[in-house]
Amino acid sequence: MQKGRTNLFGIGTKDVGIDLGTANTLVFIKGKGIVLREPSVVAKNTVTNEIVAVGSAAKNMIGRTPGSIVATRPMKDGVIADFETTTAMIEHYMKEATKASGGSWKKPNVMICVPYGITSVEQRAVIDAARQAGAKDAFTIEEPFAAAIGANLPVWEPTGSMVVDIGGGTTEVAVISLGGIVTSESIRVGGDTMDLAIISYIRKTYNLTIGERTAEAIKIEIGSAKDAVKAEKMDIRGRDLLTGLPKTLEISSEEIVEALRESILQIIEGVKKTLETTPPELSSDVMERGIVLTGGGAMLRNLDKVISDETNMPVFIAEDPLDCVAMGTGKALDNLEVIKKMQVK
Ligand SMILES: Nc1ncnc2c1ncn2[C@@H]1O[C@H](COP(=O)(O)OP(=O)(O)OP(=O)(O)O)[C@@H](O)[C@H]1O
């Protein structure tokens, strides 16, 4: 255990962990837990280049902005698409974290979880952004590793742990042992791809256009990775492509299973590919302990069952799958000395 120190946040070490996800950003403060969760959205005025809003306020602007304001997701697809905006986002969340702890900023160590496989240049840029925003020192941790720590897997032990983190932009599959990622796959399929697949299905089948937020709501409410015993129904609203007018129709969960089939297949392929390249000793550990699903996508109904059927492995959903990466990022601060050795040079 690291020895606590007193600062303006109160008693004890109050270092900060930030899960910079493609869909959501979560901020963890040591000793307090997760203090903030907001969508990773930034609204920018394209004329003045000014940031108008960050987080929930910006998400509400998606699809509703006048021409001069654009609401974007700077981390879309699991990569840093726009560095300047990402920096602004880090600054915003660090300020919000200060407010959330009811104190003024006493420089903390900041651990930032970044998408797996981002370049060392991008990692350094994130570190610089955090330092600029007031961090005493900043470190990065890769997403599947943070997810595994957050899911309480024994990542530091000489045993194989397998995690499948299904986020907004990507799905990351990794086998971890002795504090390192032994084998991994990053698939450009996540919750966003599922939403787009639903939009495309509804358009093709019913000539109805729906927005991304509606598609996400459908996925969360009646989405499933395989047919449920009892089909569920939902009324959805969109714009009829033929008449141009708003229209409501009823869809069933079976249709969403069909719409999501391709995305699910790709996730399964990624899991199988990782298992194929896992050394036998570690595979047998995974067989014994099971595969752990984290990330928001882990909550898609029956996804655990489908992955288990296809791999013949036990599959478990982590407790609080949406929080695993942020919790793991925060907990990694307890092992700062080890994490320091993993940093890009
Ligand atoms: N109950 C649910 N069923 C299915 N999907 C869900 C559910 N709840 C949330 N999601 C999806 O989870 C995704 C967000 O997950 P998460 O917050 O773990 O992603 P992220 O960490 O921001 O993304 P990434 O890991 O790609 O950086 C969104 O696509 C959201 O629609």
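Before moving on, here are some points about what is shown:
- Spin-label pair residue 240-residue 178: with each label point 7 Å from Cα along the Cα-Cβ axis, the two points sit 6.6 nm from one another.
- Accessible surface area normalised per residue over the chain is 45 Å², counting heavy atoms of protein chains with a 1.4 Å rolling probe.
- Helix-derived mean residue ellipticity, 222 nm - over the chain, DSSP H n ≥ 4, -39500 (n - 2.57), to 500: -11500 deg cm²/dmol
- Extending 7 Å from Cα along the Cβ direction at residue 188 and again at residue 50 yields two label points whose distance is 3.6 nm.
- Positive-end ranking of 242, 290, 218 along the dipole of region 205-299, with charges on Cβ about the Cα centre, is headed by 242.
- Relative contact order [Cα under 8 Å, 6+ residues apart], the chain, whole percent: 18
- Reach of residue 44 by Cα under 22 Å, taken over lysines that are not fewer than 8 positions away in the same chain: 59, 76, 95
- Residue 83 versus residue 209: modelled label distance in nm, points set 7 Å from Cα along the beta carbon direction: 3.5
- Among the listed pairs 106/341; 107/340; 305/341; 32/219, those beyond 28 Å (Cα-Cα): 305/341; 32/219
- Residues residue 196 and residue 231, FRET efficiency given R0 of 25 Å [Cβ-Cβ distance, rounded to 0.05]: 0.65
- Cα lying deepest toward the dipole's positive end in region 15-135, options 63, 89, 109, charges on Cβ: 109
- Sequence ranges 213-223, 53-63, 318-328, ranked by mean other-Cβ count within 10 angstrom, highest first: 318-328, 213-223, 53-63
- The charge dipole of region 191-259, taken about its Cα centre with unit charges on the Cβ atoms of Lys, Arg (+1), Asp and Glu (-1) only, comes to about 200 debye.
- What you get for region 95-169, charging only the Cβ of Lys and Arg (+1) and of Asp and Glu (-1), is a dipole of about 520 debye around the Cα centre.
- Ligands, DNA and RNA left out, the 1.4 Å accessible surface of the chain is 52% carbon and sulfur atoms.
- Reach of residue 273 by Cα under 18 Å, taken over aspartates and glutamates that are not fewer than 8 positions away in the same chain: 165, 172, 185, 262, 281, 285, 304, 309, 310
- All lysines inside 16 Å of residue 247 as judged from Cα atoms, apart from same-chain residues fewer than 8 positions distant: 204
- Cα-Cα P(r), the chain, percent of pairs per 20 Å interval: 30, 55, 15, 0
- For region 15-135, a crude dipole built from +1 on the beta carbon of Lys and Arg and -1 on the beta carbon of Asp and Glu, taken about the Cα centre, is about 360 debye to the nearest 20.
- Among beta bridges that DSSP assigns inside the chain, antiparallel share in %, nearest 5: 70
- Förster radius 30 Å - calculated FRET efficiency between residue 60 and residue 269 (Cβ-Cβ, nearest 0.05): 0.25
The values are calculated or read from the model by the stated rules, or taken from the named source; none is laboratory data. In this text the structure is predicted, and so the values were computed from the model without any measurement. Using ideal geometry, Cβ is built from the backbone for each residue, glycine included, and neighbour counts are taken over all protein chains shown. Calculation scope for accessible area: heavy atoms of the full protein, side chains included, ligands and nucleic acids excluded. Shrake-Rupley method; radii C 1.70, N 1.55, O 1.52, S 1.80 Å.
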